[in-house]
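For reference, the structure is listed below as C-alpha cells.
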Amino acid sequence: MINFEYTRAGTIKAASEARQKDSSAQFIAGGTNLVDLMKKGIIAPERLIDINGLPLKEIKSDPKGISIGALVPNSVAAENEAVKKQFPLLSMALNAGASAQLRNMATVGGNIMQRTRCSYFYDINLPCNKRKPGSGCAAIGGYNRMHALFGASDQCIAVHPSDMCVALAALDATIHSTNTKGEKKIPFADFHRLPGNTPELDNNLQPGELINHVFIPANSYNKSYYLKIRDRLSYAFALVSVAVALEIREGKIIKAALAMGGVAHKPWRLTAAEQLLIGKSPTTDLFDSVAQLAMQGATTYEHNAYKVKLGKAAIMEALTKATR
Ligand code: SF4
C-alpha cells in the first residue's frame, strides 16, 4: 500500500468540497471493500476522507416510506423493526450478503458503491478495462463462470456484487446525494451503469457527490422473497439471485416487482416478466413462463452458460417461496 493522507470530514458540505477538489481522494466509511482495493494496489488514493462522523446514521420511517442513512451499518438496517415489517425483502437481501462481521462494518452507502468481484479486476498483473481503461478484458477469453448474461459489452462482462441493491432495485428506491451545489435525487434504476465503452465507471455519481440516504417508497406488496444461489452457504457472492415482491389479492397478482443479481453490471430488473404476472393466479405453469421470458436474450460466455438454467430455476423457486 502506498502512503496517503487521512482527513476527517466535519460536515457533508466539507466532505463533498474536499472530494471535488481532489480527484484522487476517496470517501471511507466501513472500508470493507475500499481497504482491500488499496491493499491489492487496484486503487491508490492520495487522500482518504473519513465520513464516519457525518450525520447520516438515521433510519426514519413514515407513511410515505423509509429513509436509511448512508452510514447505517448493513446489520442495523437488516434488523430494524420498520425495515423488517414494511420491507422484508430488503431485510432478507441484507442478511444474505457477506458475513455477520462484514455486515456490522459495511454501511448502506458503501454497499451501493462496492465494486465488482471479477477476479481479474483484483489481479493487477492481468488486463482489465475497469481497472485500467484500454488494457483489455481478461475475463472475456478467460475463466468467466461468474460473469454477466445481460447488458455486457466487448469491454467488460463483470457483474455487480451487491445483494441489497437487487432488493432496492425491485423496491424502486431513490438515492439522495449531496454535491457542492446542493442535494440531488437519483432513481435507483439510473444509479448503476452498464459497462459500454466506459467500464471504469460503475455508477452515475459525479465527482464530489456523496450518498446521504436511500429512500424506499411505501408499497402494497404482501408477498416477497429474496433467493441467493451461491457456491457455499456463507460469505460468497451470488451466482444468481432473485428479488420478488408481489401484491396478491383474492388469488390474483395485482402488482409485481422482480430483479436479479449476479447477471449484469447492475441489478437487473425483469420488467417484461413482471408484466406477465399481472392479473393472473400464481401457478407453477405461470412461473415457468415468467422464468423462460426473463432469461430470453441472455448472452453466454465459455463458462457461464449454466447460469441460464440456474436463473430460470431460481426465478421459479423465488416466486414459489414468495407465494406459498
Ligand atoms: Fe475487468 Fe470487467 Fe473484464 Fe473483469 S470483466 S476483467 S472487471 S474489464
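Of Phe4, Phe87, the sequence from fewest to most neighbouring Cβ atoms within 10 angstrom is Phe4, Phe87. Taken along the Cα-to-beta-carbon direction at a fixed 7 Å, the label points for Gln275 and Asn197 span 3.1 nm. So which of Lys185/Lys255; Lys60/Lys85; Lys40/Lys185; Lys84/Lys228; Lys280/Lys312; Lys266/Lys312 end up more than 22 Å apart by C-alpha? Where the Cα-Cα span goes over 22 Å, the pairs concerned are Lys185/Lys255; Lys40/Lys185.
Please give the helix 284-295 orientation as an angle from the longest Cα principal axis of the chain, in degrees from 0 to 90, rounded to the nearest 10. With rounding to tens, the tilt is 40 degrees.
Distance from the C-alpha centroid of region 58-91 to that of region 178-251: 14 Å, rounded to the whole angstrom.
3J(HN,Hα) couplings calculated from phi for region 136-143 with the Karplus curve 6.51 cos²θ - 1.76 cosθ + 1.60 (θ = phi - 60°) are, in sequence order, x, 10, 5, 6, 4, x, x, 8 Hz; Gly and Pro show x. In the chain, the DSSP-assigned H stretches of four residues or longer account for a calculated mean residue ellipticity at 222 nm of -8000 deg cm²/dmol, using -39500 (n - 2.57) per stretch and the full residue count as denominator. Using the Cβ-Cβ distance between Arg249 and Phe4 with R0 set to 51 Å, the FRET efficiency from 1/(1 + (r/R0)^6) comes to roughly 0.40. For the peptides 288-301, 218-231, residues were scored by their other Cβ atoms within 10 Å and the scores averaged per peptide; the highest-first order is 218-231, 288-301.
Place a point 7 Å from the Cα of Gln206 along the Cα-to-Cβ direction; which residues of region 144-177 have their backbone N under 16 Å from it? Under 16 Å, as judged by backbone N against the label point of Gln206, lie 176-177 of region 144-177. Placing pseudo-labels 7 Å out from each Cα toward the beta carbon at Thr283 and Asn104 gives an inter-label distance of 5.0 nm. The distance between label points at Lys132 and Asp231 comes to 2.5 nm (points 7 Å beyond Cα on the Cα→Cβ vector).
Computing FRET efficiency as 1/(1 + (r/R0)^6) for His303 and Asn125, where r is the C-beta to C-beta distance and R0 is 22 Å, gives about 0.60.
Computed extension gain for Glu58 through Ser220, at 0.36 nm per residue and net of the alpha carbon distance, reaches 55.9 nm.
Rule-based calculations on the coordinates, nothing more; no lab input. This one's a predicted model, so the numbers in the text were calculated from it and none came from an experiment. Every residue, glycine as well, gets a Cβ built from its backbone with ideal geometry; the counts of neighbours run over all protein chains shown.
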